Structure formats: structure tokens, C-alpha cells
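To start, the structure itself, in C-alpha cells.
What follows is calculated from the coordinates using simple rules that are stated; it is not laboratory data. Small disclaimer: the values here were computed from a predicted structure and weren't measured. Don't worry about glycine lacking a Cβ; one is built from the backbone with ideal geometry, like all the others, and counts go over all protein chains shown.
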Amino acid sequence: MGKSVNNERPAKLATDEKYNVFTEVKVYTHDAGEVEAVSKKIEKLAYSTYSAQNELKEINIVFLIIKIGLITVGTVAVLIASIGIFNDDNGSH
């Protein structure tokens, strides 16, 4: 039989006559800082992973793009306003 982890039932090996096939496995870490390292190790074994940290990174990228867009629009608006103010001051004299 396979190796036992945390006093759980030993995992069955592929050489056993009957073995379980899992479509999903949940892995928990003791610390949130360990999630990225554990995910990378699992991905090196050719499995896909999902974590809330990955979602947060993607959301932060979206917000960064939105922030860059708003900064660009704001800069253009201030530039146009300053040109309008400059033209108005020069034209009134």
C-alpha cells in the first residue's frame, strides 16, 4: 500500500487491482504565504491549480489597467483645461 500522511488511510498505488481516480483534490496550507510555493510545486507535476491569491492578482491587474486609463484621461483633461485657460488669458488683453 501507499504512504500514510497525517494518520489517514494509506493511498492506494496504481499497481493495486482497484484504485480511486480523483478529478479534484483540495490542498490546504497552514499559512497563506505558503500557497504560492505549494501551487508551483503542484503545477510542476503537470496539474492545474486554483487559489484565491491567483484571483486577487488578476483582479489587481484589471484595476491597474483601469487606473492607468483614468490617469491618462485626467492628464489629457488637465492639459486641455490649461490650454483653454492660457488662451483665455492671452485673448482678453
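Going by average Cβ neighbours within 10 Å, how do the peptides 66-78, 22-34 rank, with the highest at the top?
Result, highest mean first: 66-78, 22-34.
Figure the gain on full extension for Val78 and Gln53 (residue separation times 0.36 nm, minus the Cα-Cα span) and round it to one decimal in nm. Could the numbers behind the result be given before it?
On the way: separation 25, 0.36 × 25 = 9.00 nm, distance 3.67 nm.
Stretched out fully, the Val78 to Gln53 stretch lengthens by 5.3 nm.
Using a basic spin-label model with each label point 7 Å from the Cα along Cα→Cβ, how many nm lie between Lys40 and Phe86?
Spacing of the two 7 Å Cα→Cβ label points: 4.9 nm.
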